[in-house]
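All of the numbers you see were taken from the coordinates with simple rules; none came from a lab. Remember, predicted model here, so these are calculated numbers, not experimental data. Virtual Cβ from ideal backbone geometry, glycine too; neighbours counted across all protein chains shown.
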Amino acid sequence: MENRRTRVKICGITRVADVEAAVSAGADALGFVFVPDSRRSIDIGLARELMAAVPAFVQTVALFADAQVDWVETVVDQVGPDLLQFHGNETGRFCRQFGRPYIKAVSAELDDTERDRVLADHASARGFLLDSHAVSGLGGTGHTFDWGRWPRQAGRKGRPWILAGGLTPENIAEAVSTLSPYAVDVSSGVEEAPGIKSAELIHAFMRGVGHARNH
């Protein structure tokens, strides 16, 4: 089925004001980072506060990278995200054990053979996020990758592909027009500082996505 609408996830949310800005701008999903080494990482208490501010029909996504089982279980049990996102070397068996739908990040640095291996191992994933980060990286670096490496299967029947890595209000219209991704994921591209989103940049980003949709 042709993708007629590019969905948007704003990731690395750390403030209620940024939840409100993203929702007001029309974001489809909000990402919350549970990786201690990340500058955008949040704890359980703050996560509860932030997710309580998310209205119906906007998905909440919890991001992990090679986390311990008990930490993922704690977040699932105490915070209750709608969707899990795994950014490390997690196996499909690991990701499936938490009773939540999930998406798997895939590094754009992988060759076709290795990428196909990851896809096969994560056949039950709800989608795949292609990012410029190395395996086990967290994204949010502001670096793009060569869009020529966009997966051949991205426009075919199967699990949807999500574009990430260095997206900004300045390049998002071109990215959507060129690749027609199912969804896009932005973090640093709409920030004033790590974890501090800009309402103005979020709205500009969403306008860029809308502009591309209409052309």
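Just a few scattered comments:
- Mean ellipticity per residue at 222 nm, deg cm²/dmol - from DSSP H runs of n ≥ 4 across the chain, formula -39500 (n - 2.57): -9000 deg cm²/dmol
- Charge dipole magnitude, Cβ of K and R +1, D and E -1 - the chain, Cα centre, debye nearest 20: 780 debye
- Here, P(r) means the percent of Cα pairs in each 5 Å bin from 0 to the largest distance; for region 75-138 it is 4, 19, 30, 24, 14, 7, 2, 0.
- The amide H of ARG7, built 1.01 Å from its N in the peptide plane, has ALA183, VAL184 as neighbours under 5 Å, considering only residues 5 or more places off or on other chains.
- The chain: C-alpha pair distances exceeding 33 Å, %: 8 percent
- A cut-off under 13 angstrom between Cβ atoms defines the neighbours of GLY92, and their net charge, with Lys, Arg +1 and Asp, Glu -1, is +4.
- Relative to one another, the C-alpha centroids of region 10-66 and region 82-132 are positioned 20 Å apart.
- The magnitude of the dipole of region 6-86, with charges of +1 and -1 set on the Cβ of Lys/Arg and Asp/Glu and taken from the Cα centre, is near 320 debye.
- Cut-off of 10 Å, at most 14 other beta carbons, DSSP loop: longest stretch of the chain lacking such GluC sites (Glu not before Pro): 3-169
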